[in-house]
Amino acid sequence: MNINELDIKDINKLLNKATKKTKPYAGFIALIIFLLACVFMVYQINTYVNSNPNEDAVTQKLSEVTNPKITKDALDTIKGIESLRDQNVQVKTLFEEARKNPFAE
């Protein structure tokens, strides 16, 4: 049987022969494929864990970070809240309770 003379019927017969020969080893073949996939994933994870970013990427990310700025309006609002807290006893106790247990409603 020459490769140029293969017909669809011949291919079907060859596949049937190969299937019959490998059928007893199907579980073992599946296990080997699964283990190879696991080894590949562990290798990829190890590669990603041990890789370090280059200096250009670090410099770029650091340049994108900006310091938060507190505006004069925000300072006025904070001072207003503090003055209200100091003036009203009920609000002052609410602030103290919130400090003691911040997750209570």
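Within the same chain, lysines fewer than 8 places from K69 are excluded, and of the rest, those with a Cα less than 24 Å from its Cα are K61, K79. The angle between the Cα long axis of helix 26-50 and the main principal axis of the chain comes to about 40°, on a 0 to 90 degree scale. Between the listed residues I29, N46, N101, the Cα displaced farthest toward the positive end of the dipole of the chain, a dipole computed from Cβ unit charges relative to the Cα centre, is found at I29. Axis of helix 8-22 versus longest Cα principal axis of the chain: the two differ by about 70°, to the nearest ten degrees.
Bridgeable lysines around K13 (alpha carbons under 18 Å apart, same-chain partners fewer than 8 residues away excluded): K21, K23.
Sites listed here are trypsin sites (Lys or Arg not before Pro) in the stretch 10-105 whose DSSP assignment is loop and whose Cβ has at most 14 other Cβ atoms within 10 Å: K69.
Counting helices only, and only those DSSP H runs with n ≥ 4, report the 222 nm mean residue ellipticity of the chain as the sum of -39,500 (n - 2.57) divided by its residues, in deg cm²/dmol to the nearest 500. Spell out each step's value before the answer.
Working: 5 runs with 78 residues, N = 105.
Helices in the chain give a 222 nm mean residue ellipticity of -24500 deg cm²/dmol.
Between the entries (i) 1.09; (ii) 2.76; (iii) 1.39, the label attached to Cα Rg over 2.2 N^0.38 Å calculated for this structure is (ii).
Values quoted throughout were computed directly from the atomic coordinates according to the rules given, and no laboratory measurement underlies them. Since the structure is predicted, the reported quantities are computational estimates derived from the model, not experimental observations. When we count neighbours, we look across all protein chains shown, and the Cβ atoms used for this are built from the backbone with ideal geometry, even at glycine.
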